[in-house]
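K.L.:
The structure is given below, and queries will be raised subsequently.
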Amino acid sequence: MTVKEIGGRLYFRRKVAGKDSYHRLPAIDDPDFAAEYARLSAPEIVKPGPAHGTLGWLVASYRASAEWKAKSSRTRENQARYLDLIAEKDGHRSTSGVRPVHVYKLRDRLLDTPGKANVWLSVFGSLMRHAVRLGVRDDNPCDNVPILRTGEHEPWPADLLRVCLEVATPMTRLAIVSALCSGQRIGDLVRMQYGWISGGIMELDQEKRRRGGIVKHVAVPMHPFWTEELAKLPRRSVTLLYERSGAPFKTTGALQERLRALMDHEAVQQVSADLVAREVIAEGARFTFHGLRKNACCYLLERGLNDSEVGEILGMSPEMVRHYGKRARALMVARGAADRMTSGQIVALAGR
């Protein structure tokens, strides 16, 4: 490292990857010269790379592989976001220790965005194939993990909601009621705190950022059904929902797993089969916490709130409210027209 004068200006020179690198310095009589010289003279701190055998290490190895480099720039750009996510969230995990049950859990963190979950699963499967080529493991744990069905999040039918509330564990029941009464995303449900309640209103900044990085603030009037359910459980945490240990949920994954177990319950399966037979729902229909957000939207519309009011409470645009409330509007129109439709005659009978 040295200071070199070039063209009457001072530059700090040092070796970077075996080549000279020059950094412009202030004039020697400039008050900032000493501080800038000290900054450039300080030894460069090299962060240690991920430990061998971890998912973080595997991501780095995959990106350096011929297979990755052979992909189109568009494909690499699209997959890079998910590789970054894997390295950031799960880079510490052991590659050889991943089993299908872990893949399900990791995939289901994106359950409310099935399209993203499916891309994540595809990228993670590519990573696991790379691990097999490296000899780190003998199988791909993603092979028998199905992709999620995409499409709209369906609102929960009343019969399904009733039986789920009957057979759910107390904390899972409270999570369902909280989603139904607040209309918030699961990521915001696990963050809700008692300290955010004032005068029967739950106020929060939604976790999901809109375009431009703007955080949406919402104020949700708490339905008596919600407050009654809250009163049934001990207040063991600052958050409304908590783990069996009493600690707040760190991620949404545990709740997603609880919901999946609930949907596999025999009583829930029986009701689902009945709903399919009655053609109320489609074969293989899945119901998520996000579907309860649509239930909440329809309920508020049926109570007579307009699109802007519902949007402010749920943190949705009026356009999204109209989209989510299509079924509610059809029902409201039918109810409003019922008297007029049934008061007349379909066929004018002779003599009447």
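K.L.:
Take the Cα atoms of the stretch 1-149, build their convex hull, and give its volume per residue in Å³.
P.N.:
176 Å³
K.L.:
Is the stretch 251-304 rounded, prolate or oblate when judged by the Cα gyration tensor, a ≥ b ≥ c being the square roots of its eigenvalues, rounded requiring a/c under 1.5 and prolate requiring a/b larger than b/c?
P.N.:
The shape class here is oblate.
K.L.:
For the pairs 15/71; 15/89; 216/294, note any where the Cα-Cα span goes beyond 24 Å.
P.N.:
Distance filter (> 24 Å) returns 15/71; 15/89.
K.L.:
A further question follows. Report the gain in length on full extension from residue 267 to residue 207: 0.36 nm times residue separation, minus Cα-Cα distance, nm rounded to one decimal.
P.N.:
18.2 nm is the gain from fully extending residue 267 to residue 207.
K.L.:
Per the Kirkwood definition applied to all pairs of different Cα atoms, how many angstroms is the hydrodynamic radius of the stretch 132-274?
P.N.:
About 17.5 Å, per the Kirkwood formula over Cα pairs.
K.L.:
Can you pull the Rg over Rh of the chain, Cα-only, Kirkwood?
P.N.:
My calculation puts Rg/Rh at 1.13.
K.L.:
Loop by DSSP (not H, G, I, E, B), at most 16 other beta-carbon atoms within 10 Å: where is the longest site-free stretch of the chain for GluC sites (Glu not before Pro)?
P.N.:
By the stated rule (loop sites, at most 16 other Cβ atoms within 10 Å), 45-151.
K.L.:
Please find the FRET efficiency linking residue 99 to residue 235, where r is the Cβ-Cβ separation and R0 is fixed at 51 Å, and quote it to the nearest 0.05.
P.N.:
Computed FRET efficiency for residue 99 and residue 235 comes out at 0.90.
K.L.:
Quick one: plug the Kirkwood hydrodynamic radius of the stretch 205-327 (C-alpha pairs) into Stokes-Einstein at 25 °C, 0.890 mPa s, and report D in µm²/s.
P.N.:
142 µm²/s
K.L.:
Now, a different point. Among 125, 73, 92, whose Cα sits farthest toward the positive end of the charge dipole of the chain (+1 at Cβ of Lys/Arg, -1 at Cβ of Asp/Glu, about the Cα centre)?
P.N.:
Result: 73, furthest along the dipole toward the positive end.
K.L.:
Continuing with the same structure: Once amide H atoms are built 1.01 Å from N in the peptide plane, which residues 5 or more positions from residue 202, or in another chain, come under 5 Å H to H?
P.N.:
220, 222
K.L.:
Given an 8 Å cut-off on Cα distances and at least 6 residues of separation, report the relative contact order of the chain as a percent.
P.N.:
14 percent
K.L.:
Could you tell me what percent of the accessible area of the stretch 231-300 is made up of carbon and sulfur, with a 1.4 Å probe and every protein chain present?
P.N.:
52 percent
K.L.:
Would you be so kind as to identify which of 305, 54, 240 lies farthest towards the positive end of the dipole of the chain, taking Lys and Arg as +1 and Asp and Glu as -1 on Cβ and the Cα centre as origin?
P.N.:
Value: 54.
K.L.:
Per residue, how much accessible surface does the chain expose to a 1.4 Å probe? Answer in Å², no decimals.
P.N.:
Heavy-atom accessible area per residue stands at 58 Å².
K.L.:
Please identify, among 53, 284, 253, the residue showing maximal mean-square fluctuation in a Gaussian network model of the chain using a 10 angstrom Cα cutoff.
P.N.:
284
K.L.:
Sticking with this structure for a sec: Can you spot the lysines whose alpha carbon is less than 27 Å from residue 19's alpha carbon? Ignore those fewer than 8 places along the same chain.
P.N.:
List returned: 4, 47, 69.
K.L.:
Report the accessible area of residue 181, computed with a 1.4 Å probe over the heavy atoms of all protein chains in place, in Å² rounded to the nearest 10.
P.N.:
Counting only protein heavy atoms, residue 181 exposes about 30 Å² to solvent.
K.L.:
Quick one: angle between helix 158-167 and the longest Cα principal axis of the chain, in degrees between 0 and 90, rounded to 10, please.
P.N.:
Between helix and principal axis, roughly 70 degrees.
K.L.:
Set the Förster radius R0 to 25 Å, insert the Cβ-Cβ distance between residue 69 and residue 250 as r into 1/(1 + (r/R0)^6), and round the FRET efficiency to 0.05.
P.N.:
Once rounded, the FRET efficiency stands at 0.10.
K.L.:
Round to a whole number: what % of the accessible area of the stretch 22-83 belongs to carbon and sulfur, probe 1.4 Å?
P.N.:
Solvent-exposed carbon and sulfur of the stretch 22-83 make up 56 percent of the total.
The values are calculated or read from the model by the stated rules, or taken from the named source; none is laboratory data. Here the structure is a predicted model, which is why all the values come from computation and not from measurement. No Cβ is skipped: glycine too gets one built from the backbone with ideal geometry, and neighbour counts run over all protein chains shown. We work out accessible area using only protein heavy atoms, side chains counted, and drop any ligands, DNA or RNA first. Shrake-Rupley method; radii C 1.70, N 1.55, O 1.52, S 1.80 Å.
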